[in-house]
Structure formats: C-alpha cells, structure tokens
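Read the structure below first, then the notes.
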Amino acid sequence: MQAFKVIIVEDVKLELKGTEEIFHSEIPEAEVIGTAMNEGQLWALMREQMPDLVLLDLGLGGSTTVGVDICRQLRTRYPKLKVLIFTGEILNERLWVDVLQAGADGIILKTGELLTRNDVRLVMDGRHLVFNEPILEKIVARFKRSVVSESHRTNAVINYDIDEYDERFLRHLALGYTKDMISNLKGMPFGVKSLEKRQADLINRLFPKGDRSGVNATRLVVRALQLRIIDLDHLEADDE
C-alpha cells in the first residue's frame with residue numbers, strides 16, 4: 001500500500017485519540033494530516049490540504065444525519081476522494097443504507113475487529129463496499145433469507161400455476177383494492193365477473209379440497225402471503 005493522507009472526523013475525543021493510534025501503530029502508510037470534530041472544522045481542513053481518504057464518523061454532535069450529508073457533499077465535490085465510514089451506529093441499518101447511497105466506499109462498525117489495515121488497504125486500492133465482520137454477518141444473513149424466500153416464491157408460482165394476472169390480482173386485493181378498481185387497472189384486461197371467476201379458481205388451487213368453503217378475498221390474500229406468492233415487503237400498486 002502506497003503512502004496516503006487521511007483526515008479523521010470524530011467528535012468524541014477519546015475515540016478520536018484511539019483512532020489516531022490505530023493509524024500510527026497499524027497503518028504506517030497513512031499520514032494523518034488533520035482531525036475534525038465537526039463539519040466546519042472538516043471543510044476548513046479540506047481547504048488547506050486535500051487528503052486521499054476521509055475517515056468519517058456518522059454521529060456528529062448527536063446527529064446521525066450530519067455524517068450522511070457530509071458524505072454526500074464529499075462525494076459530489078471530490079469524486080476521487082475515498083470516504084470510509086467508521087461509526088458506532090451498530091444497529092441503525094437504515095443509516096447504513098443512507099450513507100452507502102450517499103457514496104461511501106465502505107462502513108466499518110466500531111465493534112469486533114474495529115478498523116484494520118486490510119480494510120483501509122481495500123478502500124485505497126479502489127474497492128467499493130468494504131465492511132468489517134459485524135456488518136458482513138448481517139448482510140449474509142439477509143442474503144440467505146432473501147434467497148430462501150425467493151426460492152419459496154418460485155416454487156409456489158410453479159406448483160400452483162400462478163400467472164402474472166393471478167399475481168397482480170392477489171397483490172391488489174392485498175392492497176385493499178376492490179374487484180371493480182382492479183378491473184380498471186391498465187394491465188388488467190378483465191371485467192369484474194372475470195375477476196370473480198379468477199378468485200374462485202385461485203381458491204381451488206391454493207386451498208385443500210376440504211378447506212375451500214367460505215373462503216373470502218381476505219383469506220385468499222393471507223394464503224397467498226403464507227405461500228409467498230405475493231411478498232408483504234414488496235406490495236406496490238400498478239399504475240392506474
């Protein structure tokens with residue numbers, strides 16, 4: 001790893017001291033050219049000397065959104081600058097997504113191994129989406145659940161012979177649409193009577209023979225959700 005310049009943004013003095021020590025002892029290629037405890041100090045440092053890397057804490061002055069906004073501004077003003085997040089926000093997954101969308105090159109949580117030379121090397125070598133072990137474990141767990149859920153959905157679509165109109169019909173029923181409203185959707189070329197027949201047919205396909213009596217639209221939707229034919233996390237209406 002070639003020598004590079006870094007600015008550390010951290011508003012807790014003890015943590016700032018510890019982070020500087022990590023660079024001095026573990027990452028000798030890094031030259032810490034400045035430290036900032038707030039946004040104003042950072043921009044003042046940036047005007048004096050351009051770093052290669054900004055190590056950015058998200059929770060500045062008690063606000064988590066400040067760090068996201070700083071990341072977004074750094075990415076806009078200095079496209080070639082590396083921005084690595086080093087944060088104690090270990091449970092705020094939405095914040096991780098926000099800062100990645102703002103252009104961060106990676107997120108290192110202040111738990112587990114903390115900041116390592118390898119993490120920094122990967123970022124300086126141009127790797128995007130660099131994470132340490134705690135966040136990687138969560139990403140992998142979410143990935144596994146997503147793959148399993150999609151597999152269940154694919155199997156259900158095949159096993160119960162679900163076509164695109166079945167899915168669209170069930171999805172809009174789940175959203176509270178009436179059959180009359182569904183028949184007026186651009187992508188649904190069926191009248192109310194046809195939708196009633198489709199509902200009856202779906203009941204026959206999705207429910208065991210002895211459990212079809214008295215099944216209404218609500219029970220049908222619940223069954224479709226149980227079978228993962230429709231996804232509760234992705235219920236969106238089509239353009240009307």
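The values are calculated or read from the model by the stated rules, or taken from the named source; none is laboratory data. Keep in mind the model is a prediction, meaning the values are calculated, not measured. Here Cβ is always computed from backbone atoms with ideal geometry, including for glycine, and neighbour counts include all displayed protein chains. Remember, those area values only see protein heavy atoms, side chains included, never the ligands or the DNA or RNA. Shrake-Rupley method; radii C 1.70, N 1.55, O 1.52, S 1.80 Å.
A compact table of results
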| read-out | value |
| --- | --- |
| Close pairs (9 angstrom Cβ cut-off, 6 or more residues apart or separate chains): without any contact (Cβ under 8 Å) to a residue 12 or more places away in the chain in segment 87-116, not in a loop (DSSP other than H, G, I, E, B) anywhere | Q101/V68; Q101/R72 |
| Unmet requirement for L45, which otherwise passes all of (1) within 31 Å of the chain's Cα centre (by Cα); (2) of a type outside the set (F, W, Y); (3) surrounded by 18 or more Cβ atoms within 10 Å (Cβ to Cβ) | (1) |
| Any chance L60 is in contact with a helix residue (DSSP H, G or I) (Cβ under 6 Å, 6 or more places away or on another chain), of a type in the set (A, V, I, L, M) and modelled with pLDDT under 90 | yes |
| Selection within segment 202-221 - open to solvent by less than 70 Å² (accessible area, probe 1.4 Å), part of a helix (DSSP H, G or I) and closer than 19 Å to N155 by Cα | L202, I203, R205, L206, L220, V221 |
| Residue satisfying all of: in segment 179-201; within 33 Å of the chain's Cα centre (by Cα) and assigned to a helix (DSSP H, G or I); farthest from R153 (Cα to Cα) among these | M181 |
| Qualifying residue in segment 141-164 (condition: in contact (Cβ under 8 Å) with a residue 60 or more places away in the chain, of a type in the set (S, T, N, Q) and either under 30 Å from K186 (Cβ atoms) or not in a loop (DSSP other than H, G, I, E, B) (or both)) | yes |
| Selection within segment 215-239 - of a type outside the set (K, R), farther than 15 Å from E164 by Cα and modelled with pLDDT of 90 or more | V215, N216, A217, T218, L220, V221, V222, L225, Q226, L227 |
| Qualifying residue in segment 19-42 (condition: open to solvent by less than 40 Å² (accessible area, probe 1.4 Å), among the small types (G, A, S) and free of Cβ contacts under 8 Å to residues at least 12 places away in the same chain) | no |
| Residue that is over 30 Å from R223 (Cβ atoms), open to solvent by 20 Å² or more (accessible area, probe 1.4 Å) and either touching a residue at least 60 places away in the same chain (Cβ under 8 Å) or of a type in the set (D, E, K, R) (or both), where the choices are R127, R171 | R127 |
| Given (1) over 14 Å from N132 (Cα atoms); (2) in contact with a Pro (Cβ under 7 Å, 6 or more places away or on another chain); (3) among the aliphatic types (A, V, I, L, M), number of the condition I90 does not satisfy | (1) |
| Residue under evaluation E15, criteria (1) closer than 20 Å to L114 by Cβ; (2) in contact (Cβ under 8 Å) with a residue 24 or more places away in the chain; (3) within 30 Å of the chain's Cα centre (by Cα); (4) open to solvent by less than 60 Å² (accessible area, probe 1.4 Å), criterion not met | (4) |
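Residue-by-condition table, conditions (1) open to solvent by less than 50 Å² (accessible area, probe 1.4 Å); (2) under 22 Å from G18 (Cα atoms):
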residue: G67; (1), (2): yes, yes
residue: R77; (1), (2): no, no
residue: K82; (1), (2): yes, yes
residue: I85; (1), (2): yes, yes
residue: I90; (1), (2): no, yes
residue: L100; (1), (2): no, no
residue: L109; (1), (2): yes, yes
residue: G112; (1), (2): no, yes
